[in-house]
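Below is one structure, written out as structure tokens; the observations come after it.
Derivation of every value follows stated rules applied to the coordinates shown; laboratory data play no part. Note that this is a predicted model, so its numbers are computed, not measured.
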Amino acid sequence: MRIFTASVIIAAVSLGTPAFVQAQGAPAQPEVQSPPAQSSTVIRKIQVVDVKDLPPAVRSKVDDVVAQTTEEDMQSLRKSIDATPEAASALQAKGLSSLQVVAINIADGVLTLFAKTA
């Protein structure tokens, strides 16, 4: 699998829940940590998760992150997804596009794309 390189801001939601990633340029928050500017992560697997399938507590946290994300940041995130053929293909296999992605998580070589379908 190709190396997915992106400079992102990771917002740690809470213990045991995923870290939702916003495009660089999002406003800083107390729980935000910045990775190195040139981070390279090897993605071994890509999964697509519909936000409506998440437990209510996690879905609420995703909604909070989305509410704090500017349209410019979302466009930047979606451009990064579209520029990664494997990510675009995973979305297409589910009948989705990057326009429906509201957040991503990268952990242990797994890229999770959180999408809203309704």
Quiz item: Within straight cross-link reach of residue 45, meaning Cα distance under 15 Å, which aspartates and glutamates are found once same-chain residues fewer than 8 apart are removed?
Solution: 86, 108
Quiz item: Straight-line reach from residue 52: which aspartates and glutamates have a Cα under 17 Å away, not including same-chain ones fewer than 8 places off?
Solution: 63, 64
Quiz item: List the aspartates and glutamates whose alpha-carbon lies under 20 Å from that of residue 61, not counting same-chain residues fewer than 8 positions away?
Solution: 31, 50, 53, 71, 73
